[in-house]
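Since the structure comes first, as structure tokens, the remarks are kept for the end.
The values are calculated or read from the model by the stated rules, or taken from the named source; none is laboratory data. Since the structure is predicted, the reported quantities are computational estimates derived from the model, not experimental observations. Cβ sites come from the backbone with ideal geometry, for glycine too, and all protein chains shown count toward neighbours. Each accessible area value is taken on the protein alone, full model and side chains, heavy atoms only, with ligands, DNA and RNA left out. Shrake-Rupley method; radii C 1.70, N 1.55, O 1.52, S 1.80 Å.
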Amino acid sequence: MRTVDAAGLPIGDDHPPRIMGVLNVSSESPYDPSVFSDPGEAAAYVDRALIDEGADIVDVGLESANKRLEVLPVEGELERLDTACEAIESVSGDAVFSIETRYHQVAAAALSRGFDMVNDVCGFADPEMPRVCAEYDVAVAKMASPPDLERPGAVERVDDIYEALSLNGFTEKTIVDPAFGSWSEGKTLADDRETFDRLREFRALGRPILVSINRKNFLRTLAGRSTEEALAVSLAATSMAVERGAHVIRTHDVRETADAATIGHAFTPVRARSERAEELDVHTDRELGRHLAAVGADSARGLSRAFSLTLTADDRRALAIAAEGMEGVSMSDTETTILIATADDVERLSSAVAADSATLGSRLEDLSDDLY
């Protein structure tokens, strides 16, 4: 996992999670408290509600990415950029300023006028975006999207999100964003929940991960909360996201989110590391497969799991006979049996014991089904 330097702010495994606060200069943006058209008022908001509350990065949006609204052309974003630039020039606090855009022309103009990084909501659908970011040597957040400037984040399935993030490659300072939220009509709450559940898989891309999950529907509907009531569910998810590998949390609730991220970071398990070597953060065969594919390696033996089984003496003997000779499989000779095996091993054991114990074979088959 590489560390990305964002204007002197290191982002990666060796550093605390970073908080990205939000400022909008677009009147159509849905979150009113963050929307300003007056540069002075915008600057005061950034200082008071973002930087003073713990934001490391301030992400400035020029238009709403709402799929129901017309996409603002390059010229429209450039007109609004004046307000954004005047605002950051008046900010007294210290932060990394990120411009949210899909156009390389807007990114170049913003970077030339004081912005420090880019948040590309269309994931390099503009093929010139990586070049501009590389030329300015800035960090860029790349949100998973199809190769279409009018459809940011319109990718539903986890496998497709992973592929979309790889589209058009990466710069040396790319941060990846799996695009949580209702970016397309086809994207469901279940899609977002599966993406969150499989967040660790994106670590195989070898780049820091940004998540924008603040008060999102896929979280608040689980608890039956409105947007106004959804702070607690956002904070719970923030701690989980950090533990699963997120490095940047984009939020409107800066102080509370910073606290939740701190807790998640404090209880993230420590992995073994030495010079030019590190233990991978993998918990499933699918996560391991992502890392193997990333380096062009063939699929290896899956991850070993530990299972507790209450067995009769006959079933224990049948299992021991079936496991004999299976490399990597071990079991305790106790009534409550501890079995150590991979998902594939469990599947093979279920078939091997079925002739001697249909009941044990069925139990292992059910266990195997749950593992895939």
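Just a few scattered comments:
- nm² value of the averaged projected area, convex hull over the Cα atoms of the range 224-372: 13.4
- Of the GluC sites (Glu not before Pro) found in the range 289-372, those in coil by DSSP whose Cβ has at most 11 other Cβ atoms within 10 Å are 324, 327, 335.
- Spacing of the two label points (7 Å from each Cα toward its C-beta) at residue 105 and residue 189, in nm: 4.1
- In the chain, lysine pairs with alpha-carbon atoms under 17 angstrom apart (chain gap of 8 or more, or interchain): 4
- Over the chain: helical MRE at 222 nm, DSSP H runs n ≥ 4 each giving -39500 (n - 2.57), nearest 500: -11000 deg cm²/dmol
- Lys, Arg +1 and Asp, Glu -1 on Cβ, resulting dipole of the chain about Cα centre, debye, nearest 20: 480
- Gained length - residue 317 relative to residue 333, 0.36 nm times residue gap less alpha-carbon distance: 4.9 nm
- Separation of alpha-carbon centers, the range 204-273 and the range 67-108, rounded to whole Å: 25
- What the range 1-143 shows is 38 Å² of accessible area per residue, with the surface traced by a 1.4 Å probe over protein heavy atoms.
- Ranked from largest to smallest solvent-accessible area, with a 1.4 Å probe on the protein heavy atoms, 299, 350 come out as 299, 350.
- Longest segment of the chain lacking trypsin sites (Lys or Arg not before Pro) that sit in a DSSP loop with at most 11 other Cβ atoms within 10 Å: 69-270
- Inter-centroid distance (Cα atoms) of the range 292-319 relative to the range 114-135, Å: 44
- In the list (1) 79, 42, 39; (2) 138, 40, 37; (3) 75, 55, 31, the label attached to Cα extents along the principal axes in Å as derived from the coordinates here is (1).
- Accessible surface of the chain, 1.4 Å probe, proportion on carbon and sulfur as whole %: 48
- Positive contributions from Lys and Arg (+1) and negative ones from Asp and Glu (-1), summed over other residues with Cβ under 12 Å from the Cβ of residue 265, come out at -2.
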